[in-house]
1. I need the peptides 75-81, 60-66 ranked by packing, meaning the mean over residues of other C-beta atoms within 10 angstrom, with the highest value on top.
2. Extension gain Glu86-Ala121, at 0.36 nm per residue separation less the Cα-Cα distance, in nm?
3. Kindly report, to the nearest 10 Å², the accessible surface of Ile120 as traced by a 1.4 Å probe over protein heavy atoms only.
4. Could you compute the FRET efficiency for Asn147 and Arg35, with r as their C-beta to C-beta distance and R0 at 30 Å, rounded to 0.05?
5. What figure, in Å² to the nearest 10, do you get for the accessible area of Ile56 with a 1.4 Å probe and non-protein molecules left out?
6. Rank these by accessible area, largest first, 1.4 Å probe: His90, His110.
7. Could you go through region 150-162 in sequence order and give the Karplus-derived ³J(HN,Hα) for each residue, using 6.51 cos²θ - 1.76 cosθ + 1.60 with θ = phi - 60°, rounded to whole Hz, and x for Gly and Pro?
8. Using the Karplus curve 6.51 cos²θ - 1.76 cosθ + 1.60 with θ = phi - 60°, work out ³J(HN,Hα) for each residue of region 100-110 in order, rounded to whole Hz, and write x for Gly and Pro.
Amino acid sequence: MRPWFVAAALFLAGWSGPAAAEVKPGVAEGAENARFVSLRASRANVRFGPGRRYPIAWVFVRRGVPVLIVGRFQTWRRIRDWEGSEGWIHQSLLSTKRSVIVRDGPARLHRGPDSRAPLIARVERRAVGRLRECDGAWCAVEFAGRNGWIRKVAVWGVGPADG
């Protein structure tokens, strides 16, 4: 085998291309930088990398779904959804408005932050609601125009810092 061919093969085997090198600078990952946001757009492409040249991994088709920002690169945010999938989305498709999604349903929506408070509704799995505030183990939310309190463990989109 020719020496130049071996050298070229070794170089190419160790080279992962500009796409991989591009992601590392500026990525801020870790619990101290993670924060919940929601989707601003009713249709949002999630990509394999931070840029339009990366292929689309999946498409969100619902506005208001909560996502967790776990990294960033320039105007792109690495997000994690409630099922644990991660990808990159442009910051213009995100909103600072907070929302939650019901993990397992039906979840019970109460008039107050107590399981003995009157029951307002049962909220189905994957229902998305607007987060108002959290107080201990409970969160004040709005689902389809109904305001009430739901147990924090029943929803995704809130963390230890919330209430």
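1. Output ranking for 75-81, 60-66: 75-81, 60-66.
2. 9.4 nm
3. Looks like 40 Å² after rounding.
4. 0.80
5. Rounded to the nearest 10, that gives 80 Å².
6. Final ranking, largest accessible area leading: His90, His110.
7. 9, 5, 4, 5, 7, 10, 10, x, 10, x, x, 6, 8
8. Taking θ as phi minus 60°, the curve returns 9, 10, 6, 5, 10, x, x, 9, 9, 9, 10 Hz for region 100-110.
The values are calculated or read from the model by the stated rules, or taken from the named source; none is laboratory data. Just so we're clear, the structure is a prediction, and the values are computed from it rather than from any experiment. Neighbour counts are summed over all protein chains in view; Cβ atoms, including those assigned to glycine, are modelled from backbone coordinates with ideal geometry. These accessible areas exclude ligands, DNA and RNA; they are computed on the full protein's heavy atoms, side chains included. Shrake-Rupley method; radii C 1.70, N 1.55, O 1.52, S 1.80 Å.
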